[in-house]
Amino acid sequence: MGVAVADGTRIDDLNVIKSVSTGLQKIVDELERLDDDDKYGWSREVIGHEELANRLNDFATNWDYKRSKLEEELKKLAGITKAAAEAYEQIDTDLANAVRRQEKASKGRG
C-alpha cells in the first residue's frame, strides 16, 4: 500500500500515473524513429509477384497513416497523464502547506 497524499491519492498511484506517462512517451519516441520516408522496396522484381507487392505496399501505406494517428493519440495521452501527475503533486503540496499554516496559526492562538 502506498502513502496517502492530502487529496487521498496514494503515492504509488501517483508513481503509476508518472510511469504510464513516461511509457507512453517512449512508445511515441519509438514510433517517430521509424523512417516514414524510406521506401519499402517491395517491387514485383523483389517479391516475385506483382499482386503481393501491391498488397504489401498498400499495407505499408495504411500502416504509416494509422501509425501517425496512433502517435498523435499517444502524445495526447502522455501529456494528459503527465499533467495529471503534476496537478496531483501541486494539489498535495498546496494542501500540505495550508495544513501547516493552519497548525501554526492554531499554535499561535493557544
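Points worth noting:
- Top-ranked residue in the stretch 59-74 [being of a type outside the set (A, V, I, L, M, F, W, C) and open to solvent by 100 Å² or more (accessible area, probe 1.4 Å); ranked as farthest from the chain's Cα centre (by Cα)]: Tyr65
- Sub-7 Å Cβ pairs linking a first residue in the stretch 78-99 that is more than 10 Å from Ile17 (Cβ to Cβ) to a second residue that is part of a helix (DSSP H, G or I) and open to solvent by 40 Å² or more (accessible area, probe 1.4 Å), at least 6 apart or interchain, are Ala78/Gln25, ordered by first then second residue.
Yes/no matrix, rows are residues, columns are (1) more than 30 Å from Ala84 (Cβ to Cβ); (2) modelled with pLDDT of 85 or more:
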{"site": "Arg10", "(1), (2)": "no, no"}
{"site": "Ser19", "(1), (2)": "no, yes"}
{"site": "Ile27", "(1), (2)": "no, yes"}
{"site": "Ile47", "(1), (2)": "yes, no"}
{"site": "Tyr65", "(1), (2)": "no, yes"}
{"site": "Lys69", "(1), (2)": "no, yes"}
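The values are calculated or read from the model by the stated rules, or taken from the named source; none is laboratory data. In this text the structure is predicted, and so the values were computed from the model without any measurement. A quick note on method: Cβ atoms are made from the backbone with ideal geometry, for glycine too, and the neighbour counts reach across all protein chains shown. The protein model used for the area step is the full one, side chains on, heavy atoms only, and it has no ligands, DNA or RNA in it. Shrake-Rupley method; radii C 1.70, N 1.55, O 1.52, S 1.80 Å.
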